[in-house]
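The values are calculated or read from the model by the stated rules, or taken from the named source; none is laboratory data. For clarity, every value in this text was computed on a predicted model and none was experimentally measured. Because the Cβ atoms are built from the backbone with ideal geometry, glycine has one as well, and the counts that use them run over all protein chains shown. SASA here: full protein model, heavy atoms, side chains in, ligands and nucleic acids out. Shrake-Rupley method; radii C 1.70, N 1.55, O 1.52, S 1.80 Å.
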Amino acid sequence: MGRRRSFDVDEAVEAAAEVFARRAYDGVSIDDLVTRLGVHRNSLYGVFGSKRGLYLAALRRHVDQDVRPRLALVTEPGHVPAWDLLLVAAADRAREDPEVAELVSAVLCEVDAATGGPRATEGLLGRWLRHRAASGEGAPDNDDGPETVPDGED
Amino acid sequence: MAVISVQDQDLVVEMEGLDKLWALKSRLTIPLAHVRGATADPGIAGEPKGLRAPGTHLPGVITAGTFHQDGEKVFWAVRDGQKAVVVELADERYTRLVVEVDDPREVVAMVEQAMRR
């Protein structure tokens with residue numbers, strides 16, 4: 001095929017997930033991805049086909065590696081999930097992309113099953129939303145880590 | 001400028017005006033099954049184009065025609081890079097098309113929708 005693939009695809013997808021989670025779909029250009037992923041532009045197109053192809057790969061990876069393995073944690077009191085890409089995708093991209101909408105809906109059903117129902121899921125997502133707003137620039141408790149279960153709070 | 005449309009099961013790319021002359025091609029017809037995706041990508045205009053054969057390349061003015069790079073064959077028809085759309089292909093003479101369109105966002109949405117049908 002004559003196509004070069006001199007990069008780690010999984011690492012690139014992981015990095016893309018982080019970029020898309022922070023800046024949403026339209027806020028990310030191919031220039032941004034080429035710079036942040038350290039991937040040649042033609043290789044990016046060769047492997048993923050398009051920006052959307054990379055986005056879908058990033059979202060699926062996020063769901064399989066960040067969301068599903070941690071569903072058991074959702075019932076812990078005060079738990080805040082680190083599911084930024086999933087939730088940004090729900091708010092941002094699902095309206096325009098039926099494949100994203102389908103994946104997000106399916107995962108939210110799994111979250112419902114893990115939490116015990118939609119009401120509990122809503123509480124969980126509400127905590128995530130507050131946490132995301134509070135952990136922006138300049139906030140005193142900026143936590144970029146994975147899943148958080150605050151302790152010592154009322 | 002190129003006009004991209006979906007006709008039955010094909011993606012049709014038609015060059016307009018003098019771009020037919022510069023690109024030495026007036027129309028490309030690609031089965032939708034061979035389209036891997038479309039992306040609005042203004043930054044691609046600044047990338048190396050590879051070897052031109054045949055076509056027209058006046059840096060900063062126009063890139064049109066067939067270009068070879070890293071074993072890939074790419075069709076270009078771009079004057080204004082801000083309106084460049086990249087269409088990635090499979091099992092075609094060209095690995096990808098880089099063409100200028102009037103409304104990149106609209107064209108990308110149309111191609112993505114057609115691919116889902």
Residues that are surrounded by 15 or more Cβ atoms within 10 Å (Cβ to Cβ) and within 14 Å of chain A (Cβ to nearest Cβ): find the strands (runs of 3 or more DSSP E) completely inside the range B:47-95 holding 1 or more of those. B:62-69, B:72-78, B:84-89
If the requirement is being modelled with pLDDT under 95, aliphatic (A, V, I, L, M) and not in a helix (DSSP H, G or I), which of these qualifies: A:Ala72, A:Ala82? A:Ala82
Quick one: in the range B:1-30, of everything that is in a helix (DSSP H, G or I) and not small (Gly, Ala, Ser), which residue is farthest from A:Arg52 (Cα to Cα)? B:Leu21
Search result, residues across the range A:13-63 that are open to solvent by 30 Å² or more (accessible area, probe 1.4 Å) and in a loop (DSSP other than H, G, I, E, B): A:Asp26, A:Gly27, A:Ser29, A:Gly38, A:His40
Matching option when the condition is in contact (Cβ under 8 Å) with a residue 60 or more places away in the chain and on the phi < 0 side of the Ramachandran plot, among B:Val61, B:Val85, B:Val12, B:Val98: B:Val85
Taking the range B:98-116, which residues are within 11 Å of chain A (Cβ to nearest Cβ) and either more than 15 Å from A:Arg52 (Cβ to Cβ) or outside any helix (DSSP H, G or I) (or both)? B:Val98
Scope the range B:6-46; condition open to solvent by 80 Å² or more (accessible area, probe 1.4 Å) and small (Gly, Ala, Ser); matching residues: B:Ala33
Given (1) assigned to a strand (DSSP E or B); (2) farther than 22 Å from A:Arg41 by Cα, B:Ala33 misses just (1)
Buried (at least 16 other Cβ atoms within 10 Å of the Cβ), at pLDDT below 90 and of a type outside the set (S, T, N, Q): is that true of A:Val88 in this structure? no
Looking at (1) away from chain B (no Cβ under 14 Å); (2) open to solvent by 70 Å² or more (accessible area, probe 1.4 Å), which one does A:Asp66 not meet, given that it meets all the others? (2)
Taking the stated definitions as given, is A:Ala94 surrounded by fewer than 21 Cβ atoms within 10 Å (Cβ to Cβ) and aliphatic (A, V, I, L, M)? yes
